[in-house]
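Accompanying notes for the structure given below.
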Amino acid sequence: MGEEVKLFGSYASPFSSRVELALKLKGVSFENIKEDLANKSALLVQYNPVHKKIPVLLHGGRPVIESLIILEYIDETWDGNHAILPKDPFERALACFWVKFIDDKVLRALWMSCRSEGEMQKNFMEQSKEYLELLENELKGNKFFGGDAIGIVDISANFIALWAIVLQEVAGISLINEEKYPILCNWIEEFLSSEVVKESLPEKEKLFAYFHAKKEVIFANKAPAY
Amino acid sequence: MAEEVKLIGLSMSMFVIRVKIALNLKGVKYENLEETFGSKSEVLLKSNPIYKKIPVLIHNGKTICESMIIVQYVDDVWSGAGPSIVPSDPFDAAMARFWSYYIDDKWFPAYGEVMKGQTREAKIEAAKEAIAKLQPLEEVFQKQSKGKDFFGGDTIGYLDIALGCYLGWIKAAEKLTGLEFFDKSETPLLAAWAECFYSNDAVKCIMPDVDEFVEFAIKIQAKLNA
(Lines give C-alpha, C1' and ligand atoms only; values in the text may rest on other atoms or scores of the structure.)
Protein backbone atom coordinates (compact mmCIF):
# COMPACT_ATOMS: atom_id res chain seq x y z
CA MET A 1 0.00 0.00 0.00
CA GLY A 2 1.59 3.24 -1.10
CA GLU A 3 -0.47 5.58 1.04
CA GLU A 4 1.16 7.93 3.50
CA VAL A 5 1.31 6.86 7.14
CA LYS A 6 1.70 9.31 10.01
CA LEU A 7 1.66 8.68 13.74
CA PHE A 8 0.76 11.41 16.22
CA GLY A 9 2.23 10.38 19.55
CA SER A 10 4.23 11.64 22.45
CA TYR A 11 7.64 10.72 23.81
CA ALA A 12 6.56 9.43 27.21
CA SER A 13 3.38 7.65 26.14
CA PRO A 14 3.16 3.87 26.31
CA PHE A 15 0.08 4.06 24.08
CA SER A 16 1.85 5.72 21.14
CA SER A 17 4.88 3.50 21.79
CA ARG A 18 2.62 0.47 21.18
CA VAL A 19 1.71 1.76 17.75
CA GLU A 20 5.33 2.61 16.89
CA LEU A 21 6.34 -0.92 17.79
CA ALA A 22 3.58 -2.47 15.68
CA LEU A 23 4.46 -0.37 12.63
CA LYS A 24 8.15 -1.23 12.99
CA LEU A 25 7.43 -4.96 13.40
CA LYS A 26 5.50 -4.80 10.13
CA GLY A 27 8.23 -2.79 8.41
CA VAL A 28 5.87 0.08 7.60
CA SER A 29 7.47 3.48 6.88
CA PHE A 30 5.81 6.28 8.71
CA GLU A 31 6.25 9.87 9.80
CA ASN A 32 6.63 9.96 13.57
CA ILE A 33 5.12 13.18 14.92
CA LYS A 34 5.70 13.81 18.61
CA GLU A 35 3.04 16.04 20.13
CA ASP A 36 3.63 18.40 23.02
CA LEU A 37 0.65 17.41 25.14
CA ALA A 38 0.52 20.72 26.96
CA ASN A 39 0.07 22.34 23.59
CA LYS A 40 -1.91 20.02 21.32
CA SER A 41 -1.61 20.80 17.65
CA ALA A 42 -4.62 21.85 15.60
CA LEU A 43 -4.08 18.77 13.43
CA LEU A 44 -4.40 16.40 16.39
CA VAL A 45 -7.63 18.01 17.51
CA GLN A 46 -8.93 17.85 13.93
CA TYR A 47 -8.20 14.13 13.62
CA ASN A 48 -9.41 13.13 17.07
CA PRO A 49 -12.23 15.54 17.87
CA VAL A 50 -13.95 13.13 20.24
CA HIS A 51 -11.10 12.51 22.65
CA LYS A 52 -8.34 14.92 21.50
CA LYS A 53 -5.80 12.30 22.53
CA ILE A 54 -2.79 10.56 21.11
CA PRO A 55 -2.03 8.19 19.52
CA VAL A 56 -3.68 8.92 16.20
CA LEU A 57 -2.65 6.95 13.14
CA LEU A 58 -3.23 8.75 9.89
CA HIS A 59 -3.29 6.43 6.87
CA GLY A 60 -3.97 7.95 3.49
CA GLY A 61 -5.45 10.94 5.32
CA ARG A 62 -7.90 8.86 7.40
CA PRO A 63 -7.49 8.84 11.19
CA VAL A 64 -7.61 5.71 13.34
CA ILE A 65 -7.70 6.22 17.10
CA GLU A 66 -7.33 4.26 20.36
CA SER A 67 -4.09 2.30 20.55
CA LEU A 68 -5.61 -1.18 20.65
CA ILE A 69 -7.91 -0.43 17.73
CA ILE A 70 -4.90 0.92 15.82
CA LEU A 71 -2.99 -2.32 16.52
CA GLU A 72 -5.81 -4.39 15.02
CA TYR A 73 -6.02 -2.01 12.08
CA ILE A 74 -2.29 -2.30 11.42
CA ASP A 75 -2.47 -6.09 11.57
CA GLU A 76 -5.41 -6.22 9.15
CA THR A 77 -4.02 -3.65 6.73
CA TRP A 78 -0.44 -4.94 6.51
CA ASP A 79 -1.28 -8.61 6.79
CA GLY A 80 1.67 -9.95 4.85
CA ASN A 81 4.23 -10.34 7.64
CA HIS A 82 4.66 -10.61 11.39
CA ALA A 83 1.11 -11.35 12.48
CA ILE A 84 0.32 -9.34 15.60
CA LEU A 85 -2.91 -11.21 16.27
CA PRO A 86 -3.30 -15.00 16.08
CA LYS A 87 -5.14 -16.32 13.02
CA ASP A 88 -7.02 -19.00 14.95
CA PRO A 89 -10.37 -17.55 16.15
CA PHE A 90 -10.06 -18.94 19.65
CA GLU A 91 -6.43 -17.87 20.10
CA ARG A 92 -7.41 -14.46 18.75
CA ALA A 93 -10.30 -14.17 21.22
CA LEU A 94 -7.96 -15.14 24.06
CA ALA A 95 -5.38 -12.55 22.97
CA CYS A 96 -8.08 -9.85 22.80
CA PHE A 97 -9.27 -10.87 26.26
CA TRP A 98 -5.80 -10.45 27.77
CA VAL A 99 -5.25 -7.17 25.98
CA LYS A 100 -8.51 -5.83 27.41
CA PHE A 101 -7.59 -7.15 30.85
CA ILE A 102 -4.23 -5.39 30.71
CA ASP A 103 -5.77 -2.10 29.63
CA ASP A 104 -8.87 -2.18 31.84
CA LYS A 105 -7.38 -3.61 35.02
CA VAL A 106 -3.62 -4.04 35.15
CA LEU A 107 -2.50 -0.61 33.98
CA ARG A 108 -4.78 1.19 36.35
CA ALA A 109 -3.86 -0.96 39.34
CA LEU A 110 -0.13 -0.47 38.71
CA TRP A 111 -0.52 3.24 38.07
CA MET A 112 -2.65 3.75 41.19
CA SER A 113 -0.25 1.68 43.29
CA CYS A 114 2.44 4.17 42.38
CA ARG A 115 0.46 7.36 42.79
CA SER A 116 -1.60 6.68 45.92
CA GLU A 117 -0.75 6.45 49.58
CA GLY A 118 -1.79 4.70 52.77
CA GLU A 119 -4.75 2.34 52.75
CA MET A 120 -5.60 3.13 49.12
CA GLN A 121 -2.09 2.23 48.02
CA LYS A 122 -2.21 -0.98 50.02
CA ASN A 123 -5.42 -2.02 48.25
CA PHE A 124 -4.11 -1.22 44.79
CA MET A 125 -0.89 -3.06 45.51
CA GLU A 126 -2.86 -6.15 46.57
CA GLN A 127 -4.86 -5.90 43.39
CA SER A 128 -1.69 -5.46 41.31
CA LYS A 129 -0.14 -8.56 42.86
CA GLU A 130 -3.21 -10.59 41.94
CA TYR A 131 -3.06 -9.37 38.35
CA LEU A 132 0.68 -9.86 38.00
CA GLU A 133 0.24 -13.43 39.20
CA LEU A 134 -2.35 -14.00 36.46
CA LEU A 135 0.05 -12.66 33.84
CA GLU A 136 2.88 -14.75 35.25
CA ASN A 137 0.72 -17.86 34.79
CA GLU A 138 -0.52 -16.82 31.36
CA LEU A 139 3.03 -16.74 29.97
CA LYS A 140 3.12 -20.52 30.56
CA GLY A 141 6.91 -20.45 30.47
CA ASN A 142 6.92 -18.99 26.94
CA LYS A 143 9.29 -16.28 25.86
CA PHE A 144 6.41 -14.01 24.91
CA PHE A 145 2.64 -13.92 25.48
CA GLY A 146 2.48 -14.41 21.72
CA GLY A 147 4.58 -17.59 22.02
CA ASP A 148 7.85 -17.37 20.13
CA ALA A 149 7.24 -13.94 18.67
CA ILE A 150 5.99 -10.61 19.97
CA GLY A 151 2.23 -10.35 19.58
CA ILE A 152 -0.56 -8.01 20.56
CA VAL A 153 -0.54 -9.00 24.22
CA ASP A 154 3.20 -8.34 24.48
CA ILE A 155 2.79 -4.98 22.75
CA SER A 156 -0.07 -4.01 25.06
CA ALA A 157 1.95 -5.05 28.10
CA ASN A 158 4.73 -2.60 27.21
CA PHE A 159 3.69 -0.49 30.17
CA ILE A 160 4.72 -3.29 32.50
CA ALA A 161 8.15 -3.71 30.91
CA LEU A 162 9.19 -0.09 31.24
CA TRP A 163 6.75 2.46 32.65
CA ALA A 164 5.68 0.37 35.65
CA ILE A 165 9.33 -0.34 36.48
CA VAL A 166 10.22 3.35 36.34
CA LEU A 167 7.11 4.44 38.25
CA GLN A 168 7.64 1.95 41.05
CA GLU A 169 11.16 3.30 41.43
CA VAL A 170 9.89 6.88 41.56
CA ALA A 171 7.20 5.87 44.07
CA GLY A 172 9.68 3.86 46.15
CA ILE A 173 7.76 0.57 46.02
CA SER A 174 8.61 -2.87 44.70
CA LEU A 175 5.80 -4.65 42.92
CA ILE A 176 7.40 -6.28 39.92
CA ASN A 177 10.33 -8.28 41.18
CA GLU A 178 12.13 -11.42 40.08
CA GLU A 179 11.54 -13.25 43.32
CA LYS A 180 7.77 -13.18 42.98
CA TYR A 181 7.41 -13.15 39.19
CA PRO A 182 10.41 -14.88 37.60
CA ILE A 183 8.66 -15.71 34.32
CA LEU A 184 7.25 -12.19 33.96
CA CYS A 185 10.66 -10.67 34.67
CA ASN A 186 12.17 -12.98 32.09
CA TRP A 187 9.52 -11.72 29.65
CA ILE A 188 10.55 -8.15 30.44
CA GLU A 189 14.18 -9.00 29.65
CA GLU A 190 13.26 -10.73 26.38
CA PHE A 191 10.93 -7.91 25.38
CA LEU A 192 13.44 -5.17 26.12
CA SER A 193 16.26 -7.00 24.35
CA SER A 194 14.42 -6.91 21.02
CA GLU A 195 15.99 -4.32 18.70
CA VAL A 196 12.62 -3.26 17.32
CA VAL A 197 11.24 -2.78 20.83
CA LYS A 198 14.28 -0.73 21.87
CA GLU A 199 13.71 1.60 18.91
CA SER A 200 10.12 2.29 19.90
CA LEU A 201 10.66 2.92 23.60
CA PRO A 202 11.80 6.10 25.35
CA GLU A 203 15.11 5.81 27.23
CA LYS A 204 14.66 4.55 30.78
CA GLU A 205 16.80 7.30 32.33
CA LYS A 206 14.89 10.03 30.48
CA LEU A 207 11.56 8.49 31.51
CA PHE A 208 12.69 8.29 35.12
CA ALA A 209 13.79 11.93 35.07
CA TYR A 210 10.47 12.91 33.44
CA PHE A 211 8.30 11.21 36.08
CA HIS A 212 10.53 12.18 38.94
CA ALA A 213 10.44 15.84 37.99
CA LYS A 214 6.70 15.91 37.42
CA LYS A 215 5.89 13.59 40.31
CA GLU A 216 3.36 15.85 41.99
CA VAL A 217 1.60 16.92 38.80
CA ILE A 218 1.36 13.51 37.18
CA PHE A 219 0.44 11.62 40.30
CA ALA A 220 -2.37 14.07 40.91
CA ASN A 221 -4.14 12.61 37.85
CA LYS A 222 -6.27 9.55 38.35
CA ALA A 223 -5.29 7.90 35.09
CA PRO A 224 -2.18 7.97 32.98
CA ALA A 225 -2.62 10.86 30.60
CA TYR A 226 0.22 11.46 28.24
CA MET B 1 -17.63 -32.48 14.29
CA ALA B 2 -20.79 -32.04 16.36
CA GLU B 3 -20.78 -28.48 17.56
CA GLU B 4 -21.56 -27.91 21.21
CA VAL B 5 -22.42 -24.31 21.89
CA LYS B 6 -23.55 -23.06 25.29
CA LEU B 7 -24.20 -19.52 26.41
CA ILE B 8 -24.12 -18.56 30.07
CA GLY B 9 -26.14 -15.41 30.59
CA LEU B 10 -29.20 -13.51 31.71
CA SER B 11 -31.95 -12.75 29.22
CA MET B 12 -32.16 -9.12 30.42
CA SER B 13 -28.47 -8.42 29.95
CA MET B 14 -27.65 -6.23 26.98
CA PHE B 15 -24.24 -7.90 26.75
CA VAL B 16 -25.82 -11.35 26.53
CA ILE B 17 -28.31 -10.03 23.96
CA ARG B 18 -25.33 -9.08 21.78
CA VAL B 19 -24.11 -12.64 21.67
CA LYS B 20 -27.58 -14.07 21.02
CA ILE B 21 -28.04 -11.75 18.06
CA ALA B 22 -24.68 -12.79 16.60
CA LEU B 23 -25.49 -16.50 17.05
CA ASN B 24 -28.94 -15.98 15.48
CA LEU B 25 -27.49 -14.14 12.51
CA LYS B 26 -25.24 -17.12 11.88
CA GLY B 27 -28.01 -19.66 12.47
CA VAL B 28 -26.07 -21.32 15.30
CA LYS B 29 -28.03 -23.52 17.70
CA TYR B 30 -26.98 -23.09 21.31
CA GLU B 31 -27.95 -24.17 24.79
CA ASN B 32 -29.01 -21.21 26.92
CA LEU B 33 -27.75 -21.48 30.51
CA GLU B 34 -29.75 -18.86 32.35
CA GLU B 35 -28.17 -17.47 35.50
CA THR B 36 -30.22 -16.32 38.48
CA PHE B 37 -30.03 -12.59 39.01
CA GLY B 38 -28.16 -11.83 42.22
CA SER B 39 -26.10 -15.00 42.36
CA LYS B 40 -23.37 -16.58 40.26
CA SER B 41 -23.37 -20.27 39.36
CA GLU B 42 -20.40 -22.58 39.73
CA VAL B 43 -20.24 -22.94 35.96
CA LEU B 44 -19.94 -19.18 35.55
CA LEU B 45 -17.31 -18.79 38.25
CA LYS B 46 -15.30 -21.64 36.78
CA SER B 47 -15.51 -20.47 33.20
CA ASN B 48 -14.83 -16.78 33.84
CA PRO B 49 -12.71 -16.77 37.00
CA ILE B 50 -11.14 -13.35 36.32
CA TYR B 51 -14.25 -11.23 35.76
CA LYS B 52 -16.97 -13.64 37.02
CA LYS B 53 -19.36 -12.00 34.56
CA ILE B 54 -21.80 -12.95 31.84
CA PRO B 55 -21.90 -13.56 28.92
CA VAL B 56 -19.63 -16.56 28.55
CA LEU B 57 -19.70 -18.64 25.40
CA ILE B 58 -18.61 -22.25 25.70
CA HIS B 59 -17.82 -23.73 22.29
CA ASN B 60 -16.78 -27.38 22.26
CA GLY B 61 -15.44 -26.94 25.78
CA LYS B 62 -13.50 -23.73 25.09
CA THR B 63 -14.63 -20.60 26.93
CA ILE B 64 -14.76 -17.14 25.44
CA CYS B 65 -15.56 -14.05 27.53
CA GLU B 66 -16.40 -10.37 26.93
CA SER B 67 -19.42 -9.69 24.70
CA MET B 68 -17.82 -7.97 21.68
CA ILE B 69 -14.90 -10.42 21.74
CA ILE B 70 -17.48 -13.22 21.60
CA VAL B 71 -19.27 -11.47 18.72
CA GLN B 72 -16.01 -11.30 16.76
CA TYR B 73 -15.32 -14.95 17.62
CA VAL B 74 -18.76 -16.04 16.34
CA ASP B 75 -18.15 -14.08 13.14
CA ASP B 76 -14.71 -15.71 12.68
CA VAL B 77 -15.78 -19.29 13.44
CA TRP B 78 -19.00 -19.29 11.43
CA SER B 79 -17.61 -17.05 8.71
CA GLY B 80 -19.30 -19.06 5.99
CA ALA B 81 -22.78 -18.74 7.51
CA GLY B 82 -25.07 -15.73 7.47
CA PRO B 83 -23.93 -12.14 6.95
CA SER B 84 -20.46 -10.86 7.85
CA ILE B 85 -20.63 -9.07 11.18
CA VAL B 86 -17.24 -7.34 11.42
CA PRO B 87 -16.63 -5.05 8.42
CA SER B 88 -14.10 -6.52 6.00
CA ASP B 89 -12.46 -3.19 5.29
CA PRO B 90 -9.91 -2.51 8.08
CA PHE B 91 -10.84 1.17 8.33
CA ASP B 92 -14.55 0.44 8.62
CA ALA B 93 -13.73 -2.24 11.20
CA ALA B 94 -11.66 0.30 13.18
CA MET B 95 -14.55 2.79 13.08
CA ALA B 96 -17.02 0.14 14.23
CA ARG B 97 -14.70 -0.84 17.12
CA PHE B 98 -14.06 2.77 18.12
CA TRP B 99 -17.76 3.65 18.33
CA SER B 100 -18.47 0.37 20.11
CA TYR B 101 -15.90 1.43 22.78
CA TYR B 102 -17.51 4.87 22.90
CA ILE B 103 -20.96 3.34 23.48
CA ASP B 104 -19.72 1.18 26.35
CA ASP B 105 -17.23 3.61 27.93
CA LYS B 106 -18.89 6.99 27.47
CA TRP B 107 -22.55 6.47 26.64
CA PHE B 108 -23.47 3.54 28.90
CA PRO B 109 -22.38 5.22 32.18
CA ALA B 110 -24.51 8.24 31.21
CA TYR B 111 -27.43 5.88 30.59
CA GLY B 112 -26.73 4.20 33.91
CA GLU B 113 -27.48 7.48 35.69
CA VAL B 114 -31.05 7.28 34.38
CA MET B 115 -31.56 3.96 36.10
CA LYS B 116 -29.87 5.18 39.28
CA GLY B 117 -31.93 8.42 39.43
CA GLN B 118 -34.08 8.25 42.52
CA THR B 119 -36.82 10.61 41.33
CA ARG B 120 -38.51 11.05 37.97
CA GLU B 121 -36.87 14.50 37.71
CA ALA B 122 -33.43 13.02 38.34
CA LYS B 123 -34.10 10.34 35.73
CA ILE B 124 -35.17 12.97 33.22
CA GLU B 125 -32.04 15.07 33.77
CA ALA B 126 -29.83 12.02 33.35
CA ALA B 127 -31.76 10.93 30.25
CA LYS B 128 -31.12 14.30 28.59
CA GLU B 129 -27.36 13.73 29.09
CA ALA B 130 -27.58 10.22 27.69
CA ILE B 131 -29.59 11.40 24.68
CA ALA B 132 -27.00 14.11 23.96
CA LYS B 133 -24.25 11.48 24.01
CA LEU B 134 -26.05 9.52 21.29
CA GLN B 135 -25.97 12.50 18.94
CA PRO B 136 -22.54 11.79 17.34
CA LEU B 137 -23.84 8.41 16.20
CA GLU B 138 -26.25 10.03 13.73
CA GLU B 139 -23.33 11.15 11.58
CA VAL B 140 -21.54 7.85 12.09
CA PHE B 141 -24.65 6.07 10.83
CA GLN B 142 -24.83 8.27 7.78
CA LYS B 143 -21.20 7.46 6.88
CA GLN B 144 -21.21 3.77 7.74
CA SER B 145 -24.63 2.73 6.39
CA LYS B 146 -24.10 4.22 2.92
CA GLY B 147 -27.82 4.73 2.61
CA LYS B 148 -28.83 1.28 3.82
CA ASP B 149 -30.78 0.16 6.90
CA PHE B 150 -27.95 -0.67 9.27
CA PHE B 151 -24.51 0.57 10.37
CA GLY B 152 -23.37 -2.64 8.71
CA GLY B 153 -25.14 -1.74 5.45
CA ASP B 154 -27.75 -4.21 4.20
CA THR B 155 -27.35 -6.48 7.20
CA ILE B 156 -26.79 -6.15 10.93
CA GLY B 157 -23.11 -5.60 11.71
CA TYR B 158 -20.74 -5.11 14.61
CA LEU B 159 -21.79 -1.58 15.54
CA ASP B 160 -25.50 -2.37 15.11
CA ILE B 161 -25.09 -5.12 17.68
CA ALA B 162 -22.97 -2.94 20.00
CA LEU B 163 -25.67 -0.25 20.18
CA GLY B 164 -28.81 -2.20 19.36
CA CYS B 165 -28.46 -4.51 22.35
CA TYR B 166 -29.40 -1.54 24.53
CA LEU B 167 -32.71 -0.85 22.76
CA GLY B 168 -34.88 -2.75 25.24
CA TRP B 169 -33.29 -0.84 28.10
CA ILE B 170 -33.60 2.42 26.17
CA LYS B 171 -37.32 1.80 25.67
CA ALA B 172 -37.62 1.17 29.41
CA ALA B 173 -35.91 4.50 30.10
CA GLU B 174 -38.31 6.17 27.67
CA LYS B 175 -41.26 4.77 29.63
CA LEU B 176 -39.79 5.92 32.93
CA THR B 177 -38.96 9.45 31.76
CA GLY B 178 -41.44 10.17 28.97
CA LEU B 179 -38.50 11.24 26.78
CA GLU B 180 -37.59 9.92 23.34
CA PHE B 181 -34.03 8.71 22.95
CA PHE B 182 -34.16 8.77 19.16
CA ASP B 183 -36.02 11.92 18.24
CA LYS B 184 -37.35 11.73 14.67
CA SER B 185 -36.34 15.33 13.95
CA GLU B 186 -33.02 15.45 15.85
CA THR B 187 -31.69 12.01 14.88
CA PRO B 188 -33.96 10.76 12.07
CA LEU B 189 -31.51 8.14 10.79
CA LEU B 190 -31.01 6.60 14.23
CA ALA B 191 -34.79 6.67 14.83
CA ALA B 192 -35.39 4.71 11.62
CA TRP B 193 -32.49 2.38 12.40
CA ALA B 194 -33.85 1.61 15.89
CA GLU B 195 -37.15 0.46 14.42
CA CYS B 196 -35.43 -1.65 11.76
CA PHE B 197 -33.14 -3.28 14.29
CA TYR B 198 -35.79 -3.93 16.91
CA SER B 199 -38.06 -5.67 14.40
CA ASN B 200 -35.33 -7.78 12.80
CA ASP B 201 -35.85 -11.57 13.02
CA ALA B 202 -32.50 -12.18 14.69
CA VAL B 203 -33.40 -9.66 17.40
CA LYS B 204 -37.11 -9.86 18.18
CA CYS B 205 -37.08 -13.55 19.13
CA ILE B 206 -34.62 -12.95 21.96
CA MET B 207 -35.40 -9.39 23.07
CA PRO B 208 -37.58 -9.37 26.20
CA ASP B 209 -40.67 -7.09 26.29
CA VAL B 210 -40.23 -3.49 27.34
CA ASP B 211 -42.35 -4.08 30.45
CA GLU B 212 -39.97 -6.80 31.56
CA PHE B 213 -37.10 -4.31 31.33
CA VAL B 214 -39.09 -1.72 33.29
CA GLU B 215 -39.88 -4.28 35.99
CA PHE B 216 -36.24 -5.35 36.12
CA ALA B 217 -35.09 -1.72 36.32
CA ILE B 218 -37.31 -1.22 39.36
CA LYS B 219 -35.90 -4.39 40.91
CA ILE B 220 -32.31 -3.21 40.36
CA GLN B 221 -33.04 0.23 41.75
CA ALA B 222 -34.54 -1.32 44.88
CA LYS B 223 -31.39 -3.38 45.27
CA LEU B 224 -29.15 -0.33 44.79
CA ASN B 225 -31.06 1.64 47.37
CA ALA B 226 -31.22 -1.18 49.91
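The values are calculated or read from the model by the stated rules, or taken from the named source; none is laboratory data. Values in this document were obtained by computation on a predicted structure and should not be read as measured data. For neighbour counting, all protein chains shown are included, and Cβ atoms are generated from backbone atoms with ideal geometry for every residue, glycine included. Keep in mind that these areas ignore ligands, DNA and RNA; they rest on the heavy atoms of the full protein, side chains included. Shrake-Rupley method; radii C 1.70, N 1.55, O 1.52, S 1.80 Å.
Which residue is farthest from the other protein chains (Cβ to nearest Cβ), if the candidates are limited to segment B:42-83 and must be surrounded by 19 or more Cβ atoms within 10 Å (Cβ to Cβ) and among the charged types (D, E, K, R)?
B:D75
For segment B:94-148: of the residues being at negative phi and not in a helix (DSSP H, G or I), which is most open to solvent (accessible area, probe 1.4 Å)? It would help to see each step written out before you state the result.
So in segment B:94-148, the residues at negative phi come out as B:94-145, B:148.
Now narrow it down to the ones that are not in a helix (DSSP H, G or I): B:117-119, B:135, B:148.
Values: B:G117: 8, B:Q118: 140, B:T119: 69, B:Q135: 80, B:K148: 93 Å².
The extreme case among them is B:Q118.
Do the conditions hold for B:R97, that is, is it among the basic types (K, R) and either within 18 Å of B:E3 (Cβ to Cβ) or touching a residue at least 60 places away in the same chain (Cβ under 8 Å) (or both)? Write out each step before concluding.
Working: among the basic types (K, R): yes; either within 18 Å of B:E3 (Cβ to Cβ) or touching a residue at least 60 places away in the same chain (Cβ under 8 Å) (or both): yes.
Against the criterion (among the basic types (K, R) and either within 18 Å of B:E3 (Cβ to Cβ) or touching a residue at least 60 places away in the same chain (Cβ under 8 Å) (or both)), B:R97 qualifies.
Give the residues of segment B:84-93 that are open to solvent by less than 40 Å² (accessible area, probe 1.4 Å), more than 9 Å from chain A (Cβ to nearest Cβ) and either touching a strand residue (DSSP E or B) at 6+ places or on another chain (Cβ under 7 Å) or within 12 Å of B:K26 (Cβ to Cβ) (or both), sorted by residue number.
The one that is open to solvent by less than 40 Å² (accessible area, probe 1.4 Å), more than 9 Å from chain A (Cβ to nearest Cβ) and either touching a strand residue (DSSP E or B) at 6+ places or on another chain (Cβ under 7 Å) or within 12 Å of B:K26 (Cβ to Cβ) (or both): B:I85.
Could you please find all residues in segment A:128-148 being small (G, A, S) and either touching a residue at least 12 places away in the same chain (Cβ under 8 Å) or open to solvent by 70 Å² or more (accessible area, probe 1.4 Å) (or both)?
Correct list: A:S128, A:G141, A:G146.
Tell me, yes or no, whether segment B:61-83 has at least one residue that is touching a residue at least 24 places away in the same chain (Cβ under 8 Å), part of a loop (DSSP other than H, G, I, E, B) and in contact with a strand residue (DSSP E or B) (Cβ under 6 Å, 6 or more places away or on another chain). Spell out how you get there, then give the answer.
Taking segment B:61-83 and keeping what is touching a residue at least 24 places away in the same chain (Cβ under 8 Å), we get B:61, B:67-68, B:70-72, B:74-75, B:78, B:81-83.
Imposing the further condition that a residue be part of a loop (DSSP other than H, G, I, E, B) reduces the set to B:61, B:78, B:81-83.
Adding the requirement that they be in contact with a strand residue (DSSP E or B) (Cβ under 6 Å, 6 or more places away or on another chain) leaves none.
The answer is no, given that none of the residues of segment B:61-83 is touching a residue at least 24 places away in the same chain (Cβ under 8 Å), part of a loop (DSSP other than H, G, I, E, B) and in contact with a strand residue (DSSP E or B) (Cβ under 6 Å, 6 or more places away or on another chain).
Residue check, A:G118 against (1) over 15 Å from the mean Cα position of the chain (by Cα); (2) free of Cβ contacts under 8 Å to residues at least 40 places away in the same chain; (3) closer than 13 Å to B:I50 by Cβ, all met but one. Which one?
So A:G118 meets the others, but not (3).
Could you please give the count of residues in segment B:149-177 that are of a type in the set (G, A, S) and open to solvent by 40 Å² or more (accessible area, probe 1.4 Å)?
In the first step, residues of segment B:149-177 are kept if they are of a type in the set (G, A, S); the result is B:152-153, B:157, B:162, B:164, B:168, B:172-173.
With open to solvent by 40 Å² or more (accessible area, probe 1.4 Å) added as a condition, the list becomes B:152.
Of the residues in segment B:149-177, 1 are of a type in the set (G, A, S) and open to solvent by 40 Å² or more (accessible area, probe 1.4 Å).
Can you tell me which residue within segment A:61-72, out of those that are part of a strand (DSSP E or B) and facing chain B (nearest Cβ under 8 Å), is most open to solvent (accessible area, probe 1.4 Å)? So that I can check it myself, show each step before the final result.
Of segment A:61-72, the ones part of a strand (DSSP E or B) are A:62-65.
If we keep only those that are facing chain B (nearest Cβ under 8 Å) as well, we get A:62, A:64-65.
Details: A:R62: 106, A:V64: 1, A:I65: 16 Å².
Looking at residues that are part of a strand (DSSP E or B) and facing chain B (nearest Cβ under 8 Å), I get A:R62.
Condition check ((1) open to solvent by less than 10 Å² (accessible area, probe 1.4 Å); (2) away from every other protein chain (no Cβ under 12 Å); (3) assigned to a helix (DSSP H, G or I)) across all residues:
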site: A:A22; (1), (2), (3): yes, yes, yes
site: A:N32; (1), (2), (3): no, yes, no
site: A:L37; (1), (2), (3): no, yes, no
site: A:I74; (1), (2), (3): yes, no, yes
site: A:D79; (1), (2), (3): no, no, no
site: A:H82; (1), (2), (3): no, yes, no
site: A:F97; (1), (2), (3): no, no, yes
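So which of A:E178, A:E117 ends up being in contact with a helix residue (DSSP H, G or I) (Cβ under 6 Å, 6 or more places away or on another chain), over 26 Å from A:N32 (Cα atoms) and surrounded by fewer than 17 Cβ atoms within 10 Å (Cβ to Cβ)? Step through it out loud before you land on a result.
Details: A:E117 fails: in contact with a helix residue (DSSP H, G or I) (Cβ under 6 Å, 6 or more places away or on another chain).
Matching residue, one of A:E178, A:E117: A:E178.
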